[in-house]
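Take a look at the structure set out below.
No lab work stands behind these numbers, since they all come straight from the coordinates. Bear in mind the structure is a predicted one, so any value in this text is a computation, not a measurement. Virtual Cβ from ideal backbone geometry, glycine too; neighbours counted across all protein chains shown.
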């Protein structure tokens with residue numbers, strides 16, 4: 001095995017004339033013969049003689065590619081370059097197709113209104129995919145054509161064979177060749193210039209003729225094990241869970257803090273949210289350094305802030321809301337901004353939003369505020385205020401957009417609209433009735 | 001077999017064949033010795049220790065960066081790119097000499113390349129690994145780097161393929177893949193030699209697996225040589241495209257100092273220049289250390305010095321052309337940028353760049369400087385420094401003085417910047433030292449093939 005002790009003696013091959021065909025102890029089936037030549041040139045000549053003798057199942061083994069051996073052995077040019085050319089063309093095509101499909105078809109990237117497909121800017125990536133696919137094909141194609149990896153070969157059983165990777169020039173003929181005959185083939189090789197010829201036998205143990213079974217078992221086991229994470233991922237994707245996603249890296253979407261509806265085991269009630277502690281007073285309590293409106297914070301005036309007094313909707317107005325002409329004007333202005341888009345300027349529910357819905361084929365209309373039968377006219381003021389604040393059915397609440405005071409102004413204006421739309425002659429002051437006739 | 005028997009069947013004497021075989025086995029022995037010597041030289045341990053320390057520093061610096069944020073670097077509002085991208089371009093450039101040596105010189109039948117091709121290919125791969133770190137960590141959220149890979153996702157988004165940054169992703173990953181496969185494929189016959197020479201069972205199994213059962217058969221060699229030629233032919237346009245694409249990151253922007261058409265060839269020349277300097281920085285000491293002077297010969301080193309001189313001068317010409325174009329363009333922003341580069345707050349960086357890249361390599365005109373190992377290593381280290389500063393000058397001086405003076409900002413690195421850069425050398429040298437100890441450092445089969453003895457015993461010899 002060792003070549004570190006190589007010296008001139010090693011090259012005096014005393015076994016050149018050894019009787020060929022002597023089976024080793026308990027020897028197995030004959031695989032072939034291995035002949036050694038003493039120079040690259042001798043190998044080329046030997047190979048030519050073997051080929052001329054009509055052998056086909058033979059090969060030469062050398063530590064470097066020997067010039068002229070392909071011709072001597074009659075090796076045909078490999079089709080690898082053709083395959084690689086095909087792969088290169090495919091790489092260009094796939095590279096362009098990928099870019100077109102992803103950036104122009106499936107999700108057209110609009111960059112300043114420029115065309116979504118422009119060849120020059122897509123060339124660099126197509127260029128790289130061309131090279132990448134060609135390289136992968138060259139690399140793997142070469143190994144596949146060479147039938148490698150194959151770490152098990154009968155010739156590896158011969159010590160002489162290790163010279164093929166150092167300084168030896170070997171020629172092996174397989175026993176399966178139809179012209180093979182141990183004695184005659186050995187004789188031919190010697191005549192062709194071999195310095196040594198040696199038969200090669202399979203291992204007597206049939207199990208060792210091939211790669212050990214445990215290697216296959218190992219490959220199979222690792223392949224199956226490698227599938228496990230994938231299977232778990234696929235299972236997780238297909239099933240539902242009440243638990244939040246498991247994030248390897250939380251980024252800033254997940255922060256170490258509790259939100260009001262989170263569970264938190266450290267408190268007896270299990271909630272992260274803490275209620276008001278009994279006896280809490282507003283920060284704007286009398287004597288506080290900051291000027292503040294005590295009532296706006298405590299909101300003890302339920303009529304003003306909820307439209308409720310004594311558990312009932314109020315029918316009048318809160319104490320602080322005066323029904324003045326100025327407030328009515330303010331109410332009209334706010335109504336025209338926030339309410340009219342749906343309910344219309346006259347309150348009859350024919351705003352621009354329902355008009356648009358109907359134009360698009362929908363059937364929805366806003367409620368008519370002035371129709372006695374629709375219920376808004378008879379609604380207590382407090383309930384009307386509550387509807388403006390918190391919404392009703394498809395209407396959203398406006399408490400975040402319209403201040404409390406303005407909401408009462410709107411209530412006032414809605415009442416005025418209802419009066420005006422349902423007015424009778426009796427509503428007109430007596431001295432002006434004549435003008436209407 | 002005696003000489004008398006041999007002479008009648010062989011056209012040439014037994015002596016010639018014997019001498020050739022001894023030559024081949026001595027090549028095997030001398031190169032394999034690097035990996036087989038029972039103990040490597042003490043200095044190998046020393047260098048590995050230092051490299052591992054620096055590698056540890058890189059791990060600390062990157063961990064701190066990732067867990068804290070980009071703010072630990074000196075990058076500021078003006079300089080979104082600073083040392084991070086400087087280091088990236090520096091390392092990716094280093095890699096290019098390896099591909100040039102292994103592929104381009106192969107196509108030009110420059111046989112002297114065989115002695116240095118393997119280690120320069122290894123250098124390429126390790127440099128690309130160092131380079132690859134920076135674009136990933138400079139985003140601040142490196143765990144999302146896979147978003148660059150086009151894949152169906154729940155955001156319903158595809159990468160923007162018309163961005164030079166995506167071109168970069170494709171170019172660099174193709175380059176890394178190709179370099180690795182080319183390197184490995186070239187190594188398989190030598191790994192088979194290691195397999196056959198190994199005495200310990202563990203080594204036999206490990207080298208055996210990676211040698212894939214290589215038998216050196218003529219039918220295998222035939223396809224192998226074809227594949228090698230194809231890979232060389234594919235790597236050549238690839239290496240040109242990679243640094244061109246890297247230069248597009250700058251050239252396709254609107255920033256004065258970046259927006260120039262000379263960038264692709266200028267970057268490629270600079271990459272080869274810096275890569276050759278790095279090859280020599282590594283190999284000139286290594287050939288002494290591991291006794292490879294008769295394989296990596298003085299002639300080989302001299303040839304590399306000449307390429308360094310040529311590419312360094314090309315880079316110098318590019319510097320001059322940039323100034324000419326700035327003047328010729330009549331664009332005041334362009335003119336200001338280049339005057340600022342030379343005389344502005346970073347004048348010192350510009351001065352280092354020009355002196356290291358243009359002036360010092362001129363010493364290689366003299367044979368004395370191409371043959372003295374200390375001077376060669378000295379000049380090559382200066383070139384490496386100069387080429388790092390070239391990228392720094394391009395990136396930082398341009399960004400620090402953009403169109404609006406209110407956006408001007410001076411860049412100062414923090415200790416984390418410095419640790420990351422120095423640490424990346426730790427990664428590079430660690431990998432290189434391990435390579436030098438455990439893998440075939442020189443392509444034995446190729447050296448044998450180009451030796452005159454490869455024709456022993458042939459009639460036309």
The range A:302-423: relative contact order in percent, alpha carbon pairs under 8 Å with at least 6 residues between: 31
Mean-position separation - Cα centroids, the range B:373-436 and the range B:293-308, in angstrom: 27
Chain A: calculated mean residue ellipticity at 222 nm from DSSP helix runs of at least 4, using -39500 (n - 2.57): -12000 deg cm²/dmol
Three-way shape call for the range A:346-423 based on the alpha-carbon gyration tensor, with the a/c threshold at 1.5: oblate
10 Å Cβ neighbours from other chains, averaged over peptide B:224-236: 6
Shielding of B:171-182 by partner chains, average beta-carbon count, 10 Å: 4
Global geometry of the range A:130-221, whether rounded, prolate or oblate, following the gyration tensor of its Cα atoms and the 1.5 cut on a/c: oblate
Candidates A:253, A:38, A:371, ranked by Gaussian network fluctuation over chain A, Cα under 10 Å, top entry: A:371
Relative contact order (%) - criterion: Cα under 8 Å, at least six apart; region: chain A: 17
Neighbour-count ranking [beta-carbon atoms within 10 angstrom, fewest first] of B:235, A:400: A:400, B:235
Likely footprinting exposure, B:191, A:230, fewest C-beta neighbours within 10 Å first: A:230, B:191
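With an 8 Å Cα cut-off and a minimum separation of 6 or more residues, compute the relative contact order for chain B in percent.
Taking the mean separation of contacting Cα pairs over the length of chain B, I get 31 percent.
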Folded to 0 to 90 degrees: helix A:119-145 orientation relative to chain A principal axis, Cα: 40
Order of A:29, B:16 under a 10 Å beta carbon neighbour criterion, fewest first: A:29, B:16
C-alpha long axis of helix A:213-238 to longest principal axis of chain A, angle in °: 10
Other protein chain Cβ atoms within 10 Å, averaged over every residue that makes up B:441-454: 3
Helix A:182-191 vs. chain A, principal-axis angle (Cα, 0 to 90°, nearest 10): 80
